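Just below is one structure, and these are the notes that go with it.
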Amino acid sequence: MTAPHQPIDIREYPRPDLPPGSALLRTSSSEVCGTDVHLWHGRLAGVPYPIIPGHVSAGVIDAVRGPLTGIDGAPIREGDAVVFFDVHRTCGRCRACTVHRTPTRCSARRVYGITDPAAEGLFGGWAQAIFLEPGVGLARLPDTVSVDDYIGAGCGLLTAVHIAERAGIRLGDTIVVQGAGAVGLSAVALARLAGASLVIAIGAPDARLRLAERMGADIALDLAATSEAERLDQVRAVTHGEGADIVIEAAGSAAAIGEGLNLARDGGRYVIAGHYTDVGTSAINAHWQINRKHLDIRGCWGSEARHFLRALSILERHAASIPWREIGARRYGLRQLDAALADAEAMRIPKALVDPWV
Ligand SMILES: [Zn+2]
Ligand SMILES: [Zn+2]
């Protein structure tokens, strides 16, 4: 991706010389997520174009220099099916890392496929090979998790693990998830696994709502077929007239915020995770929607290694019964990425998979 609004360009790079503690991954699969569409439109600040997009990927180790271990200490060898945590270079020394304990706000932090420039090498999944530099968090793909399970879940599941942590879900909670994209669908599944008594998904189009039901939603409300007032009535009708204990915003639209504040009960919690890029200002009334409601509002930015490892554990246990792999709807080769981005933007598919060998 040479610059915003430009067609995807295919380039060749020399095979990197591996420094000690690094590896070269032969890419099996990567993804096109909502963030990639935003990158294509230039809506994320600080992106060093040209970049090789694709921040969550899976592959097979092609070459290793020196002994290499996964985050769990297990040895990583050539031929192993491996996945990696896309966030790297978090410094562990700055105030964000040490004093505030918010490493996702570390200014040294970089993300494969998003904030790594192509000029520095193979730091993205829309490629046949990925350079795993020293210090990148690696894990062997569990035997029971297929590449399609892992990439179907992808960055949406990692984000949803962090959201569930920020939401502090308790047994019996009623939960509304705004948005039925990859993040919202995973948030629905995790709300169900976390013991919610009722999970309500709000989104569109219809196919995504049907998938939301299969991911664990009890009720799916169609954004296109209902008004905001009707959705509020329907949520209150099933929550003792109160609204939901927890509302999760994974919609990424400015209009979702006012509605989400209204859908939460007095004393409830609202986690905002879909505004990864600036989509504009939301109109809110602080008296009615926050202060008087005694509402708890939390942002959720990026993810940490523990969310990556928990996502793997969740997939290991539940990928057979929760249809994460169906989020990854269609496969695209490197010469079809403009179409993949267009399909993702038009919401024709929940997520495009990238197969660099097609
Ligand atoms: Zn993503
Ligand atoms: Zn730091």
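For beta carbons closer than 6 Å, sequence separation of 6+ or different chains, a first residue in the range 15-30 that is in contact (Cβ under 8 Å) with a residue 60 or more places away in the chain and a second that is of a type in the set (Ser, Thr, Tyr) and buried (at least 23 other Cβ atoms within 10 Å of the Cβ), the qualifying pairs are Thr27/Ser57; Ser30/Ser57.
Among the residues of the range 53-67, those that are crowded, with 23+ Cβ neighbours inside 10 Å and out of contact with any Asp or Glu (no Cβ under 6 Å at 6 or more places or on another chain) comprise Gly54, Ser57, Ala58, Gly59. Looking only at the range 343-358, residues that are at pLDDT below 95 and surrounded by fewer than 15 Cβ atoms within 10 Å (Cβ to Cβ) come to 3 in all. Does the range 107-122 contain any residue that is of a type in the set (Phe, Trp, Tyr) and either in a loop (DSSP other than H, G, I, E, B) or over 17 Å from Ser313 (Cβ atoms) (or both)? So far as the range 107-122 goes, yes, one or more of its residues are of a type in the set (Phe, Trp, Tyr) and either in a loop (DSSP other than H, G, I, E, B) or over 17 Å from Ser313 (Cβ atoms) (or both).
Among the residues of the range 323-340, those identified as crowded, with 19+ Cβ neighbours inside 10 Å and either assigned to a helix (DSSP H, G or I) or assigned by TED's automatic domain parsing to the domain that holds Ala212 (or both) are Trp324, Arg325, Ile327, Leu337, Ala340. Of all residues in the range 4-14, those satisfying the criterion of being free of Cβ contacts under 8 Å to residues at least 60 places away in the same chain and open to solvent by 70 Å² or more (accessible area, probe 1.4 Å) are His5, Gln6, Asp9, Glu12, Pro14.
Taking the range 193-298 and the strands (runs of 3 or more DSSP E) fully enclosed by it, the elements with 3 or more residues that are buried (at least 20 other Cβ atoms within 10 Å of the Cβ) and without any contact (Cβ under 8 Å) to a residue 40 or more places away in the chain are at 264-272.
Of all the listed residues (Asp149, Asp143), the sole one being open to solvent by 20 Å² or more (accessible area, probe 1.4 Å) and more than 16 Å from ligand 1 (Cβ to nearest atom) is Asp143. Of the residues making up the range 156-182, those that are in contact with a strand residue (DSSP E or B) (Cβ under 7 Å, 6 or more places away or on another chain), crowded, with 24+ Cβ neighbours inside 10 Å and assigned to a helix (DSSP H, G or I) are Ile163, Ala167, Ala182. For the range 341-356, the tally of residues that are out of contact with any strand residue (DSSP E or B) (no Cβ under 9 Å at 6 or more places or on another chain) and part of a strand (DSSP E or B) stands at 0. The number of residues in the range 299-322 that are part of a helix (DSSP H, G or I), of a type in the set (Ser, Thr, Tyr) and open to solvent by less than 20 Å² (accessible area, probe 1.4 Å) comes to 0. Per the conditions (1) buried (at least 22 other Cβ atoms within 10 Å of the Cβ); (2) closer than 30 Å to Gly66 by Cα; (3) not assigned by TED's automatic domain parsing to the domain that holds Ile52, the sole criterion not satisfied by Leu122 is (3).
Suppose we keep only residues that are within 15 Å of ligand 2 (Cβ to nearest atom) and of a type outside the set (Lys, Arg) within the range 74-94. Which one would you say is farthest from Leu309 (Cα to Cα)? This residue is Cys94. For the range 103-119, a residue qualifies if it is more than 9 Å from ligand 2 (Cβ to nearest atom) and either open to solvent by less than 20 Å² (accessible area, probe 1.4 Å) or of a type outside the set (A, V, I, L, M, F, W, C) (or both), and the qualifying residues are Thr104, Arg110, Val111, Tyr112, Gly113, Ile114, Thr115, Asp116, Pro117, Ala118. Within the range 23-40, one or more residues are farther than 30 Å from Cys300 by Cα and open to solvent by 20 Å² or more (accessible area, probe 1.4 Å).
Does the range 86-98 include one or more residues that are open to solvent by less than 10 Å² (accessible area, probe 1.4 Å) and among the hydroxyl-bearing types (Ser, Thr, Tyr)? There is no residue in the range 86-98 that is open to solvent by less than 10 Å² (accessible area, probe 1.4 Å) and among the hydroxyl-bearing types (Ser, Thr, Tyr).
The values are calculated or read from the model by the stated rules, or taken from the named source; none is laboratory data. Here the structure is a predicted model, which is why all the values come from computation and not from measurement. Positions of Cβ are generated from backbone atoms using ideal geometry, with glycine treated the same way; all protein chains shown enter the neighbour counts. Surface accessibility is based on the protein's heavy atoms, side chains included, excluding ligands, DNA and RNA. Shrake-Rupley method; radii C 1.70, N 1.55, O 1.52, S 1.80 Å.
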